[in-house]
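One structure is given here, and the rest of the page talks about it.
Bear in mind these aren't lab numbers, they're just calculated from the coordinates by the rules spelled out. Treat the numbers as computed from the prediction; the structure is a model and nothing was measured. No Cβ is skipped: glycine too gets one built from the backbone with ideal geometry, and neighbour counts run over all protein chains shown.
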Amino acid sequence: MQLHTEQWGPADGQLVVCLHGVTSRLSRFRRLANDALPGFRVVGVDLRGHGQSGWSPPWDVETHVADLLETVSQPAVWMGHSFGGLLVAELAARAPDHVERAILLDPALHIDPSTALAQAEAIRQETTFDSLDEYVDYRYASGTILRAPRELVVAESAEDLVSGEEGGRLRVHYCRSAIVTAWSEMATPAPPLPECETLVVLGEASWIPFREEPRASTEIVTVPGGHTVLWDAYDETATAVSAFLNRA
């Protein structure tokens, strides 16, 4: 499947492809691309089952990787947050020539099966909202956002919501079946860390475990806050990513 993409930066810049996590979308990388990576050709991708990409099954890792190879036909730097980080690692294992360097933002390489079950069960019950502010309140109440400024979360959440059928109430624009499948995939054994030069950015208070033994080619940076490093620790994450990509 050709996935929906958005591009920032010069067309002749080094290609950096960005993959979001479950329930998110490509717009999470817009600020990072425009503010921190102005010399790079940054491409954000809506994964299958999310945003403006197609929602048809299957939604397993193998299909996601095939979608990425069909959508981006040339080697690139690949950056992924959470489930997107898992997909970058899988892509590096299955098509290593396609991954020049890798950036894993608090990657969900393996989730405990009981945790994955709880997350999948919760997502089956769709939650709707009267307003964007109510949705943002819900995100903070979930405990997954620890220190992000509210104005940032409001600005970057606005595109996530669409009007549903229940009296015009808002819902997040993703396929719940795809998300359930993703949680199942995250409960399988972790892929190996990429053999190429790799930056791993970890939230110091993240609920996502990282137990992998780093390779010699792996650089690990820990930033304040939790799992949503592009919200909780935007400045620190942007600095780490920019330094990694601009290194000679």
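Cα-based values for the chain, radius of gyration first and Dmax second, are 16.9, 55 Å.
Scanning residues 5 or more positions from I103 or on other chains, those with amide H under 5 Å from its amide H are W78, M79, G80, L199, with H placed 1.01 Å from N in the peptide plane. Using just its DSSP H runs of length 4 or more, each adding -39500 (n - 2.57), the chain gives a mean residue ellipticity at 222 nm of -10500 deg cm²/dmol after division by all residues.
Put simply, the amide H of T222, placed in the peptide plane, has neighbours under 5 Å in L202, leaving out anything fewer than 5 places away on its chain. Summary of the geometry: the range 171-248 and the range 15-66, compared by the centres of their Cα atoms, lie 14 Å apart. Our coupling estimate for the range 101-110, obtained by passing each phi through the Karplus curve with A = 6.51, B = -1.76, C = 1.60 and θ = phi - 60°, is 9, 10, 10, 10, 9, 6, x, 9, 6, 7 Hz, Gly and Pro reported as x.
Taking a quarter of the surface of the Cα convex hull of the range 49-114 gives a mean projected area of 5.0 nm².
Counted without the sites themselves, the longest stretch of the chain free of trypsin sites (Lys or Arg not before Pro) in a DSSP loop having at most 12 other beta carbon atoms within 10 Å is 1-210. Each Cα pair under 8 Å and six or more residues apart adds its sequence gap; the mean of these over the residue count of the range 107-248 is a relative contact order of 30 percent. Working note: Karplus 6.51/-1.76/1.60 with θ = phi - 60° gives the range 189-205 the couplings x, 5, x, x, 4, x, 6, 6, 4, 9, 9, 10, 9, 10, x, 5, 10 Hz, where Gly and Pro are set to x. Here the 3J(HN,Hα) profile of the range 145-152, calculated from phi with Karplus coefficients 6.51, -1.76 and 1.60 at θ = phi - 60°, is 10, 10, 8, 6, x, 4, 5, 5 Hz, Gly and Pro shown as x. Computed over the range 103-145, the alpha-carbon pair-distance distribution with 5 angstrom bins reads 5, 17, 17, 24, 19, 13, 5, 0, each value a whole percent. For the chain, the relative contact order comes to 21 percent (Cα pairs under 8 Å, sequence separation of at least 6).
If R0 is 22 Å, the Cβ-Cβ spacing of A205 and R150 corresponds to a FRET efficiency of close to 0.75. Close amide H partners of G13, meaning residues 5 or more places away or on another chain with modelled amide H under 5 Å apart, are R41.
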